[in-house]
Structure formats: structure tokens, C-alpha cells
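See below for the structure under consideration.
The values are calculated or read from the model by the stated rules, or taken from the named source; none is laboratory data. Note that this is a predicted model, so its numbers are computed, not measured. Neighbour counts run over all protein chains shown; Cβ positions are idealised from the backbone, glycine included.
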Amino acid sequence: MPDSILKVSNIEKSFGALKASDGISLDLVPGEIHALIGPNGAGKSTLIKQIAGGLKPDAGSVQFLGHEITGMSTAQRARLGLGRTFQISALAMGFTVLENAVLGAVGQSGSVFRFFKPAMKDAALLARARSALDRVNLRDYENVVTSELSHGQRRQLEVAVALTLAPKAFLMDEPMAGMGGEGSKTLTNFLQELKHEAPILLVEHDMDAVFACADRISVLVYGKIIATGSVEEIRAHPEVRVAYLGEEDAA
Ligand SMILES: Nc1ncnc2c1ncn2[C@@H]1O[C@H](COP(=O)(O)OP(=O)(O)OP(=O)(O)O)[C@@H](O)[C@H]1O
């Protein structure tokens, strides 16, 4: 197996008596979509926050492209090439699609608003933003105010914003949430292309999408990974069938 781009080792995080991350280790290798699944409250978002920054683990480490990033800020991690889309939209709803993409290209910290006006005249930033919009088929919408986009289009825009920083790996927290079957399929196809540029750690509830696109799946239950494997291995795994997939999917 090729070298890991992202490596999480023995992460622990407690909230009071609750162990939300109970010794989690996983990695992301070039060219793959590694899906993280698990029931509500299993600790998926908590893990993603510790990888992306914003939540400090009690113990354990996160390495990205050979750098120890456990103590780094979210912005430092983003600059190293760790891209992220959020479960809750981080888009500026009153801004146009192009403005959101340019904001992404400038960087993702709050202070970018200071540089925003000149950024909208910066040819290199505009080109980067437009090329990202092209890739998710939103170029024709660049002057539309983001609040007027459909839910699915907002999800596409979030991916475009992440793309503007040319990430070397992606963390995606439920990118298909609220999308219809068609939108979810289009995004799944796009992720299949994208993974060759930058592997993707994907948290997703849409099991059809996960089974259709994941190269590897890890199953998180009560803060512990109970299995990691291919789609076939996970479907057949006895503990996963009991703990997560339920009788109806086990057939
Ligand atoms: N800041 C916090 N303070 C206290 N408890 C928290 C905090 N964040 C998360 N938790 C708890 O940690 C556990 C894991 O939550 P987390 O959101 O990571 O789960 P999840 O797998 O992402 O769930 P979902 O699928 O519903 O998004 C839950 O029991 C949650 O209530």
C-alpha cells in the first residue's frame, strides 16, 4: 500500500465522562476515497474536527504529508493543503457565487474580509475561483447570490470553495446531505475523479453513495473503529452488520 498522506494515530478525546474518540487510528493513501461511517453520535464529526483543527485531542497525533499537525491551527493546516467541506454551510449567503469562491481562494480565516475588495480585482484569484466553479458546473451561476442557489448547488459551491486552495487531501463532512438522488450521483461521480488529485476522507450517511464510491470504509461505533476494509469486507463484517447496518441491510 502506498505511503499515507494523512495519518491519525491513537486519538483520544473525552467530553466529561464520554469518550468521543477512544484511541482512533486511521490513514488516507493517495488515490482513495476512505469513508467514515457510524451511527449518530459515534464521534465522526469530533474526529474530523481534530483532523481539520478547531478541536484539540487529549492524546494522540495527526500527521499530514509528513508534518506533525496536531498542534497547528485550522488555517495552518489549510495552507499545508488540507481541504475541508463542512456539515453546516460555511458559505456567505448574501455574497455571489463568485465572491464566495474568491473568498475561498484568498484563504479561509475571518480576516480575509479585509482583503476582499482588492481580491475581487485580482486576476489570478479570479481565475482560480472561476476554474473551481467550472469544475463543479457552477460557472454560469457566478453572479447569482448564494442564498438563491438550490441546496445541491450550495453543496457543489462548498466543494468549489475547497478546490480553490488546490488541496492535497480533502475532509468532507456529509457532502451529500439533503441532496436528491440525481445530485448525489453527480457529486459521487465528481469525487471519483477528484480522488486521483487529492484523496478524500468522507463522512457520509448516504450508504448507497458510500458503497458506490468508497475504496475503503472505516466503521466508528462509540468512539472506536470496529472495522476497516473494502465495501465487500464491510458489508460482510459480522460486527458491522449487527452494530450498524441492521437486519434489513444484512440480508
Ligand atoms: N462539544 C461537545 N461537548 C460535549 N459533548 C460533545 C461535544 N461534541 C460532541 N459531543 C458528544 O460526543 C459524541 C460524538 O458526537 P459527534 O458529533 O462527533 O458524533 P457523530 O458521529 O458526528 O454524529 P452525527 O452522525 O449525528 O453527526 C456525542 O455523544 C456528542 O453528544
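If a residue has to be over 19 Å from Gly83 (Cβ atoms) and crowded, with 20+ Cβ neighbours inside 10 Å to count, how many in segment 1-45 make the cut?
Number satisfying all stated conditions: 9.
Could you run through segment 18-54 and say how many residues are of a type in the set (A, V, I, L, M, F, W, C), more than 15 Å from Leu220 (Cβ to Cβ) and at pLDDT below 95?
Adding up the residues that qualify gives 1.
Just give me the residues in segment 196-209 being over 16 Å from Gly31 (Cα atoms) and more than 11 Å from the ligand (Cβ to nearest atom), in sequence order.
Asp206, Met207, Asp208, Ala209
Given the options Thr188, Thr146, name the one that is hydroxyl-bearing (Ser, Thr, Tyr), buried (at least 19 other Cβ atoms within 10 Å of the Cβ) and touching a Phe, Trp or Tyr at 6+ places or on another chain (Cβ under 8 Å).
Unique residue meeting the criteria: Thr146.
Looking at Gln192, Gln156 in this structure, which one is assigned by TED's automatic domain parsing to the domain that holds Ile51, touching a helix residue (DSSP H, G or I) at 6+ places or on another chain (Cβ under 8 Å), away from the ligand (no atom under 16 Å from the Cβ) and not in a loop (DSSP other than H, G, I, E, B)?
Details: Gln156 fails: assigned by TED's automatic domain parsing to the domain that holds Ile51.
Going through Gln192, Gln156 in turn, the sole match is Gln192.
Name the residue that is nearest to Asp3 (Cα to Cα), counting only residues in segment 66-89 that are more than 16 Å from the ligand (Cβ to nearest atom) and in a loop (DSSP other than H, G, I, E, B).
Gly66
Return the residues of segment 80-102 that are over 16 Å from Tyr141 (Cα atoms) and without any contact (Cβ under 8 Å) to a residue 60 or more places away in the chain; say none if nothing qualifies.
Matches in segment 80-102: Ile88 only.
Of (1) of a type outside the set (Phe, Trp, Tyr); (2) loosely packed, with under 14 Cβ neighbours inside 10 Å; (3) within 16 Å of the ligand (Cβ to nearest atom), His151 satisfies all except one. Which?
It fails just one condition, (3).
Can you tell me how many residues in segment 213-235 are part of a helix (DSSP H, G or I) and surrounded by 15 or more Cβ atoms within 10 Å (Cβ to Cβ)?
The first filter runs over segment 213-235 and keeps only residues part of a helix (DSSP H, G or I), leaving 213, 231-235.
Then keep just the ones that are surrounded by 15 or more Cβ atoms within 10 Å (Cβ to Cβ); that gives 213, 231, 234-235.
So the answer is 4.
Looking only at segment 15-41, count every residue that is outside any strand (DSSP E or B) and within 15 Å of the ligand (Cβ to nearest atom) and tell me the total.
If we filter segment 15-41 for residues that are outside any strand (DSSP E or B), which is where we start, we get 16-17, 29-32, 38-41.
Adding the requirement that they be within 15 Å of the ligand (Cβ to nearest atom) leaves 16-17, 38-41.
Result for segment 15-41: 6.
Kindly provide the set of residues from segment 46-65 that are more than 16 Å from the ligand (Cβ to nearest atom) and surrounded by fewer than 20 Cβ atoms within 10 Å (Cβ to Cβ), ordered by number.
Once the filter is applied, which keeps residues that are more than 16 Å from the ligand (Cβ to nearest atom) and surrounded by fewer than 20 Cβ atoms within 10 Å (Cβ to Cβ), segment 46-65 yields Ala59, Ser61, Gln63, Leu65.
Take the residues in segment 119-142 that are part of a loop (DSSP other than H, G, I, E, B) and surrounded by fewer than 19 Cβ atoms within 10 Å (Cβ to Cβ); name whichever of them is modelled with the highest pLDDT.
In this case the residue turns out to be Glu142.
Would you confirm whether any residue within segment 236-251 is outside any strand (DSSP E or B), out of contact with any strand residue (DSSP E or B) (no Cβ under 6 Å at 6 or more places or on another chain) and either over 25 Å from Asn40 (Cβ atoms) or at pLDDT 90 or above (or both)?
No - not one qualifying residue is present in segment 236-251.
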